[in-house]
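What follows is calculated from the coordinates using simple rules that are stated; it is not laboratory data. Values in this document were obtained by computation on a predicted structure and should not be read as measured data. Counting neighbours? That spans all protein chains shown, and the Cβs are built from the backbone with ideal geometry, glycine included.
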Amino acid sequence: MSFVVNLALGLLFGIGLVVSGMSDPAKVLNFLDLFGSWDPSLAFVMGGGVITAFVGYRLVFKRQKPLAANSFQLPAEKEIDRPILVGSAIFGIGWGLGGFCPGPALTATMLGSAGTYAFLPMMFVGMWLARTLAARRVVAPA
């Protein structure tokens, strides 16, 4: 059952990315270009997402457990440390340069966006590198 729920939610998310324009790197880059051809429309998409998450989390956490899982899976760490800051900076730089982040990049493959085919392999290399470095950090003595 959880596979079907996850599939439906993933499809809904992907449709939302396409409809909102988040899968179009030009639209994203125009949103980030504050002093050029700035397009504020994605701010409304972001605002809608923040409001939906704000309300959704409050409703979901009133439950003892999720509908399609045995328990909630929440992060154990609550500190903002160096790896979080460095990873966020790398993510932001990549998003600004390419106009993609992982979700929209995956949906853009179905739209035939040429830039996606250069971005996706590098995204997977970056994900592998991040996991490799994190594993070394855990194993290495402090």
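Search the stretch 122-139 for residues being out of contact with any helix residue (DSSP H, G or I) (no Cβ under 9 Å at 6 or more places or on another chain) and surrounded by 10 or more Cβ atoms within 10 Å (Cβ to Cβ), and hand back the single one that is farthest from Thr109 (Cα to Cα).
Among them, the one singled out is Ala135.
Considering only residues of the stretch 89-142 that are assigned to a helix (DSSP H, G or I) and of a type in the set (Phe, Trp, Tyr), which is farthest from Asp33 (Cα to Cα)?
That would be Trp128.
Matching residues to (1) touching a residue at least 12 places away in the same chain (Cβ under 8 Å); (2) not small (Gly, Ala, Ser):
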| site | (1), (2) |
| --- | --- |
| Gly96 | yes, no |
| Phe100 | yes, yes |
| Pro104 | yes, yes |
| Thr107 | yes, yes |
| Tyr117 | no, yes |
| Leu120 | yes, yes |
| Met123 | yes, yes |
| Trp128 | no, yes |
| Thr132 | no, yes |
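Just checking, how many residues over the stretch 63-88 are in contact (Cβ under 8 Å) with a residue 60 or more places away in the chain and surrounded by 11 or more Cβ atoms within 10 Å (Cβ to Cβ)?
2
Is it the case that the stretch 24-38 has a residue that's within 26 Å of Gly112 (Cα to Cα), touching a Pro at 6+ places or on another chain (Cβ under 6 Å), polar (S, T, N, Q) and assigned to a loop (DSSP other than H, G, I, E, B)?
First pass over the stretch 24-38, keeping only residues within 26 Å of Gly112 (Cα to Cα): 24-33, 37-38.
Now drop any that are not touching a Pro at 6+ places or on another chain (Cβ under 6 Å), which leaves none.
No, the stretch 24-38 contains no residue that is within 26 Å of Gly112 (Cα to Cα), touching a Pro at 6+ places or on another chain (Cβ under 6 Å), polar (S, T, N, Q) and assigned to a loop (DSSP other than H, G, I, E, B).
Return the residues of the stretch 1-43 that are loosely packed, with under 13 Cβ neighbours inside 10 Å, more than 30 Å from Ala68 (Cβ to Cβ) and of a type outside the set (Gly, Ala, Ser); say none if nothing qualifies.
Asp33, Leu34, Phe35, Trp38, Pro40, listed by residue number.
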